[in-house]
Each structure stands twice: as structure tokens, then as C-alpha cells.
1. Only one of 66, 48 is assigned by TED's automatic domain parsing to the domain that holds residue 252, within 18 Å of the chain's Cα centre (by Cα) and not hydroxyl-bearing (Ser, Thr, Tyr); which?
2. From (1) crowded, with 19+ Cβ neighbours inside 10 Å; (2) small (Gly, Ala, Ser); (3) more than 25 Å from residue 99 (Cβ to Cβ), pick out the condition that doesn't hold for residue 179.
3. For residue 175, all conditions in the list (1) of a type outside the set (A, V, I, L, M); (2) over 27 Å from residue 271 (Cβ atoms); (3) free of Cβ contacts under 8 Å to residues at least 40 places away in the same chain hold save one; what is the number of the exception?
4. Does the stretch 294-307 hold any residues that are modelled with pLDDT of 95 or more and among the hydrophobic types (A, V, I, L, M, F, W, C), and which are they?
5. Would you mind stating whether residue 138 is farther than 30 Å from residue 36 by Cβ, in contact with a strand residue (DSSP E or B) (Cβ under 8 Å, 6 or more places away or on another chain), surrounded by fewer than 23 Cβ atoms within 10 Å (Cβ to Cβ) and among the polar types (S, T, N, Q)?
6. Would you say residue 120 is surrounded by fewer than 23 Cβ atoms within 10 Å (Cβ to Cβ), polar (S, T, N, Q) and either part of a loop (DSSP other than H, G, I, E, B) or modelled with pLDDT under 95 (or both)?
7. Could you check how many residues of the stretch 185-221 are assigned to a helix (DSSP H, G or I) and hydroxyl-bearing (Ser, Thr, Tyr)?
Amino acid sequence: MAIALLFPGQGAQYVGMGKELYDHFPVAKKTFDQAAEQLGSEYVDVIFSGPEEKLRETKFTQVALFIVSMAAYQVLKDTGCEPSMAAGHSLGEYSALCAANAFDFSTGLNLVKARGAAIQEASLQSPGAMSAIVGLDQIKLEDICSQVRAKGVCEAVNFNCPGQIVIAGAVDAVEEAMGLSQKSGALKSIRLNVSGPFHSSLMKPAADKMAQVLEHSSIGDTHIPVVMNCDAQPVQSAQDIKKKLITQIDHAVQWEKTMRFMIQQGVTQFVEVGPGRVLSGLLRRIDKTKKALNIEDQKSAENMKNI
């Protein structure tokens, strides 16, 4: 059975995530403790105790998700699970790469902290919004985005599953696109509770900053392929990883194509590693025949012994 690991991105967080893993699994506790020692206890305290408003701040959210996902991965690793490939949604790509040994946990913490800060700064410089549009195809939605350009940037940035595409850009442009989408037959247009226009061209300053960070970071080849967001293609070389981590910040997440590629490669079992089941839900909409388990608490960790 070919197993692929999936790591969630921003939006999957919740106060208290990972606490059961911390309490019941020494390898998970070690992960949290290392993060607190390296970055300061504030980054772990907000995971367990909130407040939610603070956890939603990009500079905390991204680090928090990375910590919890890697703690869950350490628990999964102890079960003897041997994945054949991995992928992560947006921020989750860093978790996938860490699990695939492109860099160690300490390096990952520094990279994710830098990424969160860069994206938060870019979001303050160019305030924006994101919206999930349900029920329109890519061609129609991209046409709508082009119609609202007089009001600012508006782009399709997340291709998550059939019938669900996320747009991002300037607030006025996104709001007008939401209205046009409804008039064009969209089933829903849902404004997302995020702090910026992620993965749009407005994130170019963040991509430039991360290019400098990644240039001086210790990144190696992976031991399993990681299918990357920007083009849904697998990488293993350090050089390709650095290039694509820069590209992913201000380019669209090709998640549906990523999942279809993995299925074509023979993956029969997916495991979502980290908080929530967002990616498991998307998988059901992409291919109902594929199984998805998750690991985020004591009960789900016990279930991993059966795969």
C-alpha cells in the first residue's frame, strides 16, 4: 500500500490543538519543548491557551501549525509508517519538506517564523481579502477577476477541489468579484477569515524576503518526493525546493492537481498530519474512492497503528 502524507495550512488552527499529543506522547512533548526553547514560550502558549485572536495572527499561526504538525509527525513516525511521498497545503509545504528530511525541525522553525513575518508585513503593506467561490469553473472565474481589475488586484489563488476556487486581492476587487460570481451562478461566495491576500501577486514583497532567507538556509535533498504547490510536480533536489518555496508565496496553490498526481502515482492511503480534517474533506471531493486518515490527538494516533 502506497502512503502519502498531507500537511494542513493556515485556517486549520484552533486553540488547544496538539495538547493531547503533548500530554500522552513523549516525542510530541519534546517537539513542543524544543520549539519553546528556541523561539520562546509565547509560541507554544498561544497554541494551548490562545487567545484565538492572537493565534489567528499570521506570525503566530504559521509557526503554531508547523509545531503541531511536526509533533503529530513524530508520533506517526513511531508507529513505523513509511510514506512514499508527501505534500502540504501552502504553509504545510514546510511541514512536508521537514518530514521528508529537506531540513531539520530547528531550521524549519526559523524558516516558518521568517515566512510568517514576511507575509504579515506584506499584508499590512497591501491589505487584501480572500474568498472561496463554489460552483464556478476556472475559466469563468478568471474572466470575472479580469472584469474587476479597475478596483485592484484580483486573482484565483487556490484550486482546492472540483467546484471550489479561492480568489485573493484588493478588498474592493474581491468584494465585487464575489457579487459577480453570485450573479454568474456561483452556489456560494464565502469571505475567508484571513489577514491578507495570500498567494496573490500582492505577496511579491514576501517572496523577495523569503528568497534572501532561503538563500542562506541549510536545505538538502529529500528522501521521498514532495509534490509542490506551485506546479503539482514532485521535487527532491535542494535547488528545486528553494526555487519553488519562493514561487509558492505569490503564486496559486494547485492542490487538486497535486492530489490527482499522487493518485496517478499509485497512492492508495492518505494521512493528514496535523490539526483538522480540511485536506481529508477536499480529497473526498476529488476522489471518493481514496481513504484518508488523520492524526492530531490521542485517539487518531492510536488508529495509526492499523495502517
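The values are calculated or read from the model by the stated rules, or taken from the named source; none is laboratory data. Remember, predicted model here, so these are calculated numbers, not experimental data. Backbone-built Cβ (ideal geometry, glycine too); neighbour counts: all protein chains shown.
1. On the way: 48 fails: within 18 Å of the chain's Cα centre (by Cα).
It is 66.
2. Of the numbered conditions (1) crowded, with 19+ Cβ neighbours inside 10 Å; (2) small (Gly, Ala, Ser); (3) more than 25 Å from residue 99 (Cβ to Cβ), the odd one out for residue 179 is (1).
3. Only one criterion in (1) of a type outside the set (A, V, I, L, M); (2) over 27 Å from residue 271 (Cβ atoms); (3) free of Cβ contacts under 8 Å to residues at least 40 places away in the same chain is unmet by residue 175, namely (3).
4. Matches in the stretch 294-307: 295 only.
5. yes
6. On the way: surrounded by fewer than 23 Cβ atoms within 10 Å (Cβ to Cβ): yes; polar (S, T, N, Q): yes; either part of a loop (DSSP other than H, G, I, E, B) or modelled with pLDDT under 95 (or both): yes.
Yes, satisfied.
7. At the first step, the residues of the stretch 185-221 found to be assigned to a helix (DSSP H, G or I) are 201-215.
In the following step, the residues that additionally are hydroxyl-bearing (Ser, Thr, Tyr) were identified as 201.
Count: 1.
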